[in-house]
Structure formats: structure tokens, C-alpha cells
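Engineer: The structure under discussion is supplied below as C-alpha cells; questions concerning it will follow.
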Amino acid sequence: MEEIYPRIGFFVLLDSDREDAIIQLEKTLKDIGEQQLITPRYIIVINDKVEYNEEIYSMLGNMFEYDETQYHIVQLQIKPENAANKIDEAFRHAKNGWAYVTSSGESVPRDLIYNIHKRINIDSRSFLEKVEAASLDSDDETFISWSEFNES
């Protein structure tokens, strides 16, 4: 089962306008770090105030083992107008898999990754059942053998 656990990364937008910005970030990171059963793949904290970087980096280092959960701080030079642009700036650090976007101070369900795993790997049909069903619903070109592929 461990081989099919979903890989989940977290983008955390630091709300640097709050007076208690670091305390709120710690709350959110604690929820991410205490996920049931499955370790997050990566965490990216998006920050627009350089004075917070050292404290954020220290917090990430104390809460996560980099070999298990990679972490990065993305320092925005110019404050983008919306969250999508902030994520776009940080996306170069993303890994393959799922991504969850949140803001500092927001709670992250501690069973989030487990519930995704349960839904896609336990409660759903088997891979072979999905392939079989897909082959019935599609044209002849959707599923081909390697020999057919190599001939084209």
C-alpha cells in the first residue's frame, strides 16, 4: 500500500499582513506535519517579506525531515495581485502528484492525505476494472499494444 500512497504537496501562502503571521503559519504547518499515516511530499511557503525568511526556515527545519518532506521558501520580490500568481511563482519547486493550496492560519484536516488515499486507492474500483471500463467507452486508438505502438 505504501507504494501507492498519493504524493501530496502543500503551498502555504504566508499572510504577512497579520501581526501574528508566524504563529498562524506554525498552526497550519503543524496540521500538515501531523497528517495521519502518510507524510507530505513537499511544502512551499510563499512569503513576501524577507524579514520572515530566517524564522520560517528554522520552523520548517524543526518540524520536517527534509529527506521525507522537502521544504522551500519562495520569496516574492513583487507582491502579485492574486493567489494564482503567487502559486505560479512558486510552482517551479512542485513535484509530481497532488497539490493543496492554503494560507497561514487556516486549518488543514489532519486526515486529508489519508482520505485522498482512501478515496482513490481503497474505495474506488481496481486499476484493471478502470482500464476495462475505459476500453469499452472509447475508440480503438485509446488502448493499443506496444507492438502496434512501435509500428506506427
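The values are calculated or read from the model by the stated rules, or taken from the named source; none is laboratory data. Remember, it's a predicted structure, so these values are computed and weren't measured experimentally. Please note: Cβ atoms are built from the backbone with ideal geometry, for glycine as well, and neighbour counts cover all protein chains shown. All accessible areas refer to the heavy atoms of the entire protein, side chains included, with ligands and DNA or RNA removed. Shrake-Rupley method; radii C 1.70, N 1.55, O 1.52, S 1.80 Å.
Engineer: I need the per residue convex hull volume for the stretch 1-83, using only the alpha carbons, in cubic angstrom as a whole number. Intermediate results must be reported in sequence, preceding the final value.
Structural biologist: Working: hull volume 8.1 nm³, N = 83.
Taking the convex hull of the Cα positions in the stretch 1-83, it is 98 Å³ per residue.
Engineer: Gain in length, Ala84 to Trp146, computed as 0.36 nm per residue apart minus the alpha-carbon separation, to one decimal in nm?
Structural biologist: So the chain would gain 18.4 nm between Ala84 and Trp146.
Engineer: How large is the charge dipole for the stretch 28-76, taken about the Cα centre, if only the Cβ atoms of Lys, Arg (+1) and Asp, Glu (-1) carry charge, to the nearest 20 debye?
Structural biologist: 140
Engineer: Semi-axes of the chain's equivalent ellipsoid from the Cα gyration tensor, sqrt of 5 times each eigenvalue, largest first, rounded to whole Å? Write down the numbers at each step before the final one.
Structural biologist: Details: eigenvalues 278, 71, 37 Å².
Value: 37, 19, 14 Å, ordered largest first.
Engineer: Now a separate question. How much of the calculated P(r) for the stretch 47-107 lies past 15 Å, in percent of all Cα pairs? Please list the in-between numbers first.
Structural biologist: Details: 1098 of 1830 pairs.
Every Cα pair in the stretch 47-107 considered, those over 15 Å come to 60 percent.
Engineer: Expressed as a rounded percentage, what relative contact order does the chain have, with Cα pairs under 8 Å and six or more residues apart?
Structural biologist: Reported relative contact order: 35 percent.
Engineer: Just the number, please: carbon plus sulfur as a percent of the accessible area of the chain, 1.4 Å probe, no ligands or DNA/RNA counted.
Structural biologist: Values: 4760 of 10110 Å².
Carbon and sulfur together cover 47 percent of it.
Engineer: Here's a follow-up. If you average over every viewing direction, what projected area does the convex hull of the Cα atoms of the stretch 1-43 give, in nm²?
Structural biologist: Numbers: hull surface 12.4 nm².
For the stretch 1-43, averaging the hull's shadow over all directions gives 3.1 nm².
Engineer: Using just the alpha carbons, could you tell me how many Å³ per residue the convex hull of the stretch 78-126 encloses?
Structural biologist: Once divided by residue count, the hull of the stretch 78-126 is 111 Å³.
Engineer: Among Asn47, Asn115, Asn62, determine the one that fluctuates most according to a GNM of the chain built with springs between C-alpha atoms less than 10 Å apart.
Structural biologist: Judging by the Gaussian network model, the answer is Asn62.
Engineer: Using a probe radius of 1.4 Å on heavy atoms only, what accessible surface per residue do you get for the chain? Whole Å² is fine.
Structural biologist: Values: 10110 Å² over 152 residues.
Per-residue accessible area for the chain comes out at 67 Å².
Engineer: Can you give me the relative contact order of the stretch 1-88 as a percent, contacts being Cα pairs under 8 Å and 6 or more apart?
Structural biologist: This gives 32 percent for the stretch 1-88.
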